[in-house]
Amino acid sequence: MRFYKIINDQYIKAVGTGHGWTEISEEEYESIITAIHNKPQETAEIRYRLKTDLTWESYEVEPTPPMPEPEPDAEEILDILLGGDAE
Amino acid sequence: MAVDKLVDSTQLDSDLTSVANAIRTKGGTSAQLAFPAGFVREIDAIPTGGTLITKTITENGTYDAEDDDADGYSEVTVNVSGGGGGSLKSGTITPAERTMTLDVNLGSADTITNAVIVPASETPLKSAGRTVFAMVIINESYKKSIVCGSNSGGSSLFTPVTYDGSKISQSGSTLTFNGGGTTSYYFETVLYRWFAW
């Protein structure tokens, strides 16, 4: 199996298996996966990006307003009216 | 005229009548037929079976013999290449950051007409925003896209969103899945499996 990583401007954007990008060893793949699983908790203002040395770098972002949820359909409205599960 | 055989005139009349009846039936007439001119005239008037040609088909489609100036095909040879539907391509990708688009590499620039991407994580997806649970692109040339997503926090699935346009695009060997749209969904930092053919 071929392992790869996608690097953009000194940051690891993704890893995967298959064709393309920068080939890496399985050991490096697993170490990046482990790093991704240990990503610090993000907030609305603070995000993290993974550096090539597998450390996380924080950066601030403008809080984005929450996107409106889709309107419930008739069945969901009926569930809500009847006391069913609502989001 | 050589006269060298005896003829049973009754039998001859009966046989000629049988032939005339067959000609009348085929020609759709009940007119009296005089032998031999009437027989010949009616037989000549019967339409032939038409012009049949052979044809080799190399592309999918609907074919009409009239377009080939023929009445039909006597033999058809079909030799349609598989195009983009011939081989299944697959792979995985785990984004390090939550993202609305994912690029995967097909390994070749073969035209893709169908694709699907799904998270392979058993860990419930948690997110501050909507999450892509599955994206399916069906029909030739991405004429229809279906995105299944969850609400914020991943506690419930939304009704799949169907797009008439494409939610993925192909540039050479790169296939891009795009969760954005009227209702935008994000790919989380979990393992996704993708298949394309």
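Things worth noting here:
- Taking strands (runs of 3 or more DSSP E) as the structural unit, those lying wholly within region B:65-115 and holding at least 2 residues that are modelled with pLDDT under 90 and within 20 Å of the chain's Cα centre (by Cα) correspond to B:72-78.
- Of all residues making up region A:73-87, the number that are modelled with pLDDT of 65 or more and either within 9 Å of chain B (Cβ to nearest Cβ) or in a helix (DSSP H, G or I) (or both): 9
- Among residues of region A:9-29 being surrounded by 13 or more Cβ atoms within 10 Å (Cβ to Cβ) and more than 7 Å from every other protein chain (Cβ to nearest Cβ), the one that is farthest from B:F195 (Cα to Cα) is A:Y11.
- Matching strands (runs of 3 or more DSSP E) fully within region A:1-65 where at least 3 residues are free of Cβ contacts under 8 Å to residues at least 40 places away in the same chain and of a type in the set (S, T, N, Q): none
- Qualifying residue in region B:160-174 (condition: closer than 21 Å to A:I12 by Cβ, in a strand (DSSP E or B) and at pLDDT 80 or above): yes
- Answer residue from region A:35-44, given it is within 11 Å of chain B (Cβ to nearest Cβ) and of a type outside the set (A, V, I, L, M) and is farthest from A:G16 (Cα to Cα) among those: A:T43
- Of the criteria (1) within 11 Å of chain B (Cβ to nearest Cβ); (2) at pLDDT 90 or above, which one A:E60 fails: (1)
- All conditions in (1) over 17 Å from B:T99 (Cβ atoms); (2) touching a Leu at 6+ places or on another chain (Cβ under 6 Å) hold for A:I12, with the sole exception of (1).
The values are calculated or read from the model by the stated rules, or taken from the named source; none is laboratory data. From a predicted model like this one, the values you see are computed outputs, not experimental measurements. Backbone-built Cβ (ideal geometry, glycine too); neighbour counts: all protein chains shown.
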